Each structure stands twice: as C-alpha cells, then as structure tokens.
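Remarks on the structure that follows.
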Amino acid sequence: MPGRASREFQGAVLIADDHAIFRMGLIQLLRRCLKTKRFLEAESFAEVLDRLKDKDLTLAIIDLRMPGLSGPKDIARIRLLRPNVQIVVLSGSEAREDILDALAAGAHGYIVKTQPLDELISKLRYILSGEIYVPPILAELPPNSAEIAEPACGVAPDPRPLSSRQRQVLKGVVEGKSNKEIAQALNVAEGTVKMHLAALYRVLGATNRAHAAALGKQLIG
C-alpha cells in the first residue's frame, strides 16, 4: 500500500475503546511502529467528545461498540466537530451494514480487529497518506449488489469535503466512465469504486449516478 513513511507521527492519537488491555496494546504498537509520542484515551463516547477538545488531535481510532456510541451518526458528529481529524473505525464487526454506514458517515477507514498487527499498521499508514481504506470483504461483493449501488432517495447533502480519492472517482463519473473503467484508471478493485460511490452519494445528496454526475460537474468542473 502507498504512503509508508518513516518520519515521526505528528500530533496526538485518540484510542477510543472500552477495553483497557486493548488500548494499552495498541498504544505500544503505534509508539513502536509509527513513532507516535502522544496518546489520548477514551472508554466511552462521552470521553471521546471531551478528548476532541485537544487541539493536537490528529487521528482518532474508535470502536463502534463502545459505551455511549450509538452508531455511524456519532462518527458524523465527530467529523462535524473536528473535520481535520482523521477517523479510523477499528471494530470486531464484519457486518456489511456497519462498514458501509461508517464510511458513509465520514470515517477515513474501517479496519477489522482480527487483522494481523503488521497489516493493521500498513492500513493505518495508508489512511494517513490521505486515502480511504475499504475492507476487501466489501470489494468482493457481487457487482450488481443493489444495497450499495444506489442510496436511499431523499438523502440530505453532507457538507464534508471530499477526499482526493473520492474526487478522482467523481471525476470519472462526470466523464461518463463505468465503474470498471474508473477502477482500471485508478488501479483499484471495482468493488472499491462502488464503496467510494456509496459514500459520494451520501456526501453529495445524490439519488442516482446521473444526479451525482450533475452535482459533480458543478463541484469539480
């Protein structure tokens, strides 16, 4: 994956999980592999909101199942409060709905806790490089999956800025390219393009591909 950097990680990292042993292990791993020096901890969503006040916060690693966190809508709340903080959901859930909802809510990546430690660090580096990490389990979904092909009608526009990868996918949509053509141009799996499109529909408030293309033309020219 791109974005492997040897320089010291800048800023503070929030580890939000209600298991103290897990937080301790992850802190040791990040300190050793990413050279992170400053950590914040939270074992409930109320504590997460309090830690967001820290001006040095750069990265938040959050478990979806922690006390007080009611789901993806709280991820969106974090994005609104601290739009410049990268959010990574690190969860034991492999449920398709959880992953899709977290990404659509603004998470920069969704990592399953069962991943080997070296892969976890690789994926965090990928996210820190500015990319959105989409679990392979979603990229392997059937290409005609109705669940992720189009969003529900009437979704309200989301003011969050698009990531660089989302802009690239949107540009392909504006140009009339198919998902396969976009995937080939970006050197990613076609399923990954579908995941970015699902997030784009939510961000733009688009009800279908043509609507997204029209909105995208206004947005990126």
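The values are calculated or read from the model by the stated rules, or taken from the named source; none is laboratory data. Because the structure is a prediction, the values reported are computed rather than measured. Counting neighbours? That spans all protein chains shown, and the Cβs are built from the backbone with ideal geometry, glycine included.
What to note about this one:
- Exclusive hit being among the hydrophobic types (A, V, I, L, M, F, W, C), touching a helix residue (DSSP H, G or I) at 6+ places or on another chain (Cβ under 7 Å) and surrounded by 14 or more Cβ atoms within 10 Å (Cβ to Cβ), set ALA76, ALA105: ALA105
- Unmet criterion (only one of (1) free of Cβ contacts under 8 Å to residues at least 40 places away in the same chain; (2) in a helix (DSSP H, G or I)) for LEU103: (1)
- Some residue of segment 128-151 being at pLDDT 85 or above and surrounded by 19 or more Cβ atoms within 10 Å (Cβ to Cβ): yes
- The number of residues in segment 202-219 being of a type outside the set (Gly, Ala, Ser) and out of contact with any helix residue (DSSP H, G or I) (no Cβ under 6 Å at 6 or more places or on another chain) comes to 7.
- Subset of segment 168-189 [part of a helix (DSSP H, G or I), buried (at least 16 other Cβ atoms within 10 Å of the Cβ) and of a type outside the set (A, V, I, L, M, F, W, C)]: GLN168, LYS171, GLY172, ASN179
- Just one of (1) out of contact with any helix residue (DSSP H, G or I) (no Cβ under 8 Å at 6 or more places or on another chain); (2) in contact (Cβ under 8 Å) with a residue 24 or more places away in the chain; (3) surrounded by 13 or more Cβ atoms within 10 Å (Cβ to Cβ); (4) not aromatic (Phe, Trp, Tyr) fails for ARG31. It is (2).
- For PRO67, the conditions (1) assigned to a loop (DSSP other than H, G, I, E, B); (2) modelled with pLDDT of 90 or more; (3) surrounded by 14 or more Cβ atoms within 10 Å (Cβ to Cβ) are fulfilled apart from (3).
- Odd one out for ALA76, checked against (1) at pLDDT 95 or above; (2) part of a helix (DSSP H, G or I): (1)
- Count of segment 116-127 residues which are surrounded by fewer than 16 Cβ atoms within 10 Å (Cβ to Cβ) and out of contact with any Leu (no Cβ under 9 Å at 6 or more places or on another chain): 3
- Single match in GLU94, GLU43 (criterion: outside the structural domain of MET195 (by TED's automatic domain parsing), farther than 23 Å from GLU119 by Cα and out of contact with any Lys or Arg (no Cβ under 7 Å at 6 or more places or on another chain)): GLU43
- Scanning segment 79-94 for residues that are modelled with pLDDT under 90 and more than 14 Å from the chain's Cα centre (by Cα) returns LEU80, GLY92, SER93, GLU94.
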